[in-house]
1. Taking the range 41-61 as the search range and keeping residues that are free of Cβ contacts under 8 Å to residues at least 12 places away in the same chain and among the basic types (K, R), which one is surrounded by the most Cβ atoms within 10 Å (Cβ to Cβ)?
2. From the residues in the range 62-76 that are among the aliphatic types (A, V, I, L, M) and closer than 12 Å to L43 by Cα, which one is surrounded by the most Cβ atoms within 10 Å (Cβ to Cβ)?
3. Only residues that are among the acidic types (D, E), under 22 Å from I615 (Cα atoms) and in a loop (DSSP other than H, G, I, E, B): list them for the range 299-328, please.
4. Go through the range 432-459 and give me each residue that's farther than 18 Å from L509 by Cβ, open to solvent by less than 70 Å² (accessible area, probe 1.4 Å) and part of a helix (DSSP H, G or I).
5. From the set of residues in the range 964-984 that are surrounded by 14 or more Cβ atoms within 10 Å (Cβ to Cβ) and modelled with pLDDT under 65, which is farthest from T1039 (Cα to Cα)?
6. Could you please find all residues in the range 505-541 being of a type in the set (A, V, I, L, M, F, W, C), under 30 Å from I476 (Cα atoms) and open to solvent by less than 20 Å² (accessible area, probe 1.4 Å)?
7. Tell me the strands (runs of 3 or more DSSP E) entirely within the range 986-1100 that contain at least 1 residues that are more than 34 Å from the chain's Cα centre (by Cα) and either buried (at least 18 other Cβ atoms within 10 Å of the Cβ) or polar (S, T, N, Q) (or both).
8. Kindly provide the set of residues from the range 542-585 that are among the aliphatic types (A, V, I, L, M) and open to solvent by less than 50 Å² (accessible area, probe 1.4 Å), ordered by number.
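The values are calculated or read from the model by the stated rules, or taken from the named source; none is laboratory data. Just so it is clear, the model here is predicted, and its values are computed rather than measured. Backbone-built Cβ (ideal geometry, glycine too); neighbour counts: all protein chains shown. These accessible areas exclude ligands, DNA and RNA; they are computed on the full protein's heavy atoms, side chains included. Shrake-Rupley method; radii C 1.70, N 1.55, O 1.52, S 1.80 Å.
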Amino acid sequence: MESVFLIGFIERFTRQSSMTDMSNRVSIVCKDVPVKYNQHMLLRKHFSKFGEVAKVFPNPRKRSATIHFVDHEAASNAKCHGSVLGPGIARMTIFWGYYTTGSNLNTSRSLEEQSQKRKNRDDEMSSTGKVSKSRSSAWPGSALDDELKSMSGTEDIVNENLKTLTRPKEIGRSRERATRSASPLSSSSSTSLRSPEKKPRGNSPVTVSSSSSVKSDKVSSSSSLTNAVAHNVTERLEILDNRDKIFRQGRKKQSKLSTAKAFIGTCTDMCPEKERYCREDRRRLHVYEMLPGTDNIHGQNPKVDHRRAVKEYSRSSADQEEPMPHELRPSGVLQMTMNYLLTEIADKGQDGKWGDWFDFLWNRTRGIRKDITQQQLCDRTSVELLEKCARFHIFCSERLCEEDYNCFDDKINNENLTKCLQTLKEFYYDLETRHHAFCENEAEFRAYMVLMNLNEGDILREVQQLRPDVRNSNHITFAVAVYSSLNSNNYVRFFRLIREASFLNACILHRYFTQVRTRALASLVKAYGVGTKGSQYPLDELVRVLSFETRNESRLFCCHFGLSASEDEVKLLRGALIEPEEKWPPRRAVDLVESKRMVSVGEAINGCNLPPLFIPEPVCSFDQQGRFVGSSEASLKGIELHPQRDISTMHQQTTDVPDTYLVPDTVPIVAQTQPPAKSKFQYPNDTIKEIAKELFWVVIDEFCRGIGQEVGSEVQMMLNCSDYFTVDILNHNLDDLARDIVSEVLVEETLRKRRVAEEERKVLLDRLAVSLMDEVLQSSVNQNCQNLAASEMRDIENQLRKKQIEKCTGDVAEQTMDKAVQFMIKTLAEDFTQECKEKIEEYERIEKSIQLSRAGKYFQLWRKEHKTMCKLKRSMLEFPCSTSMRKTSEQVKMLIPDRTVEKIVKDGFYVSDIAKLTIESPLDIGVRLGGMDKLLTAHALYLKLCLEKSWQAQDLTRVLELIGTEESKIYFKLLLSLPNGDDTGESEKTAMVQNWLKAKFTRGQRQSSSSGEILSLYKIDLPVLKSRCQRKVGVCVRTVNGILSDRDVLLVEKTQQFLGTTGILFLLPSCSSLTNSFWEEEQDRLRRVIKTKPACPACPLVVLVLNSPGQNISENMLRSKWVSSISSKWA
């Protein structure tokens, strides 16, 4: 009786917590719609009978359709009376849809409306006198039932396996009073436990389906995920998506920008768990994030390596949800992610794969920058991360400049570098003004900002606004010197500074190489290209001055601008210099820039030595069986900056309510198509009242206890906060007083130091101007002197060359005449010789033709005679001979006149006392020879069958079937220790035996492993002799090739590959000389195999010996060679 009333209480408790206003529903969902009638016009025409139709969405593939009406009344009429499309057409199943007319359907009703609806429903139940109850109402039910019931279903699903229970009207009134007294619990804890459930209107019958495949469009509560089980990645992704939806429903969005606060990330992995499953399901994994060997499996997605996956950058959009705290990585995790990228990925770039390398690192570093922005982080760790991102783009700007546009875009790379430097600039300012903190690398990156904007006019003004320690640093001094050389077109000093610069400074200045070289070439043409012929300039000198990599590069550069160049010189002519339409493609500077990098790429981007890498185990919300074990409370830790009372209260009440009151969301109600039968059970009202009071008091006690604990925790938190604020206020006031006093002293000292610094700066500028003037003047004078000396040397060389040409003209003419005469004589002689050769060849051809004609004549005569002889011979052979007129004995006597015995015995006679001559006819001879051929063929076939039988796989299960044991399960594991093919001299013989053993023990497809191969691995059921039961037999045969190395031994012991070995077959290879080294090697191979096998249980060892000719290895020899030494070493 208590259980029956408890079920009624649960039903009442569920109904009052999941009521939904149905007056706004204007859409219906039709199932089992015939494909022929599942068309837009037909459906609109049919449902227009019940009211005005707004929209129609047919879905022939799923045999369903969704109909939207203008008002609720039309939709209700269509749901009740529109299931039949016409006579002879199957009936459709119609459900309510989730489309409503109101904009906020989830607003809570007032307490009066809820109380009135509960009262009306209790009156209806008391008037009918029946309460539905499930047949399988063993409460609490199985895990599957709890999961299905916790899902918010629809009100139109039927469950036919129900019982009814008749109750008097007094019980209905008592339940009404109990409900009113329990309203605080129902209004607080029930809403936090379950999502709203849809209820029918009025007294219309409600049907609840027994199918578990119907899913609710609303997100269920956190209790519905407790028993969720995922069997694949897609289901895990769906469960985590539902969990996030639950969290988002409980969160309170920040509507005011002035009071909005940033989230604190709680993700401890390099990539959030949900994103890992999502990218694996959608095949968006990078090659660096896949498990090895899973990327080429047909029909399967590559598997994600959860330890190596890094969060992907996703572009922000207007419809994108704000991130959850467990999707954001705190600064420590971002630092670990950057260390992983620089340690494991940064050095994997290589020719042909730079595109994938750059795309992966750029995407992941953008993800790090986005996490910093979304959490509004501003500390030294964030600054270090942004500095490394900037170094990465600086390195790529030079190293990948020659890559294809599809792999690397220099413009996009510069935009990202500019964004990083701009963010760093803002961080430096915030840390200095708000926290009075400075970064040790600020001068370096301030210099990068200057070097990125050397063509900007106001860059020096920004340099003057920097702090003195940054402004006077070596980095800024170098940047200012480069700016001065670039703007004064001093290309000699520019490239000298490049040679003295650091690696990253040279990389960032690589973008100005073409600009400086173009201006320098124009200056050289203007200086040396005077006149119509211009002047020749050596390419070696051009390579030295403009720091080209090779002479060919400098020649191509000059040709690009219209100048003509040879292998050694370029012609400088003013009229030839042009401004090409296409830009000069950037080229790598291997000797000038890349040779400066003396460390790995990761260390260059990191700025120092890389710390040791440690990657913790990734978070997994599922156990080994796929059951969801994630904690919803733990996932809400990052919402602490959003003071949301409802979420914390919801979870507190969820934990405070006893397990007996955590009931499913939906209670199935059967459609009453006929008057229900009266129940067999009658319960007194007093008993029901007493039980109800006890249950209400238990629930109220638990509810009050939870409120008390919550209030106590809040009071304790306020006390702790008051102490903290008191200390903070005191420290703040003292700091203000001390800061005012110190600031006055600092102002005076700063003014004094500024005056001294200004005087020193003036003196330094004067000295620097004088030194720069001397340096520029000296370099100009030296360059002009060198140019004049070079021009004079060229003139002198031209005069000397002319004199030598005139002197050598006569000698050359005589030599030319002699050569011409000799050439003519040689030509005539060759022509005469050629004519003689042609005549001789003609005579030889005539001689051969004569010989051939004579040979043909004689051959025709011989052929005629041969044909005659063949014809005569053929006629003699075909002519039938007559039988002999003599007796057999006379013929034999004439054949062998000297024989001693004249008697013929068994178709033969004795020629002498020993020799016997057999007399056979041609037919007998043919029969005898045919029989011999058949015997030989049969023998050859027998040998072939024996060979195939010997190479046929051995059925080990038939051997194990004969074992006389009564065990129902037998596991047999055989270990084959085989030598390497090049261990012995007679490798062919050993290899043949190895192949034979593998063929005998192979069943199915072989599986390779690090230490050998798995030849057989299967299970089979065999009948037991003299018994009807079956025995399960498991067989495993694996090989070990050669001597196991120490690494292989450790790997085998770690993975326990030899666990359960029941026998070892050791193959001793064939060897021509049994030396001590041979025995030691084989002994070491056997000892390592035995060492890797577990010591218990012991297993038999079989040694298969291949003896060479003249050798005989016995069992005693093996015992004397191995047993004692192996046992001593093993012990």
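1. The extreme case among them is K45.
2. Ranking the candidates gives I67 first.
3. If the condition is that a residue be among the acidic types (D, E), under 22 Å from I615 (Cα atoms) and in a loop (DSSP other than H, G, I, E, B), then D305, E312 are the ones that fit.
4. E432, T433, E442
5. Filtering first and then ranking leaves T984.
6. Correct list: A506, C507, I508, L509, F513, V516, A520, L521.
7. Qualifying strands (runs of 3 or more DSSP E): 1030-1041, 1063-1068.
8. L542, V543, V545, L546, L563, A565, V570, L572, L573, A576
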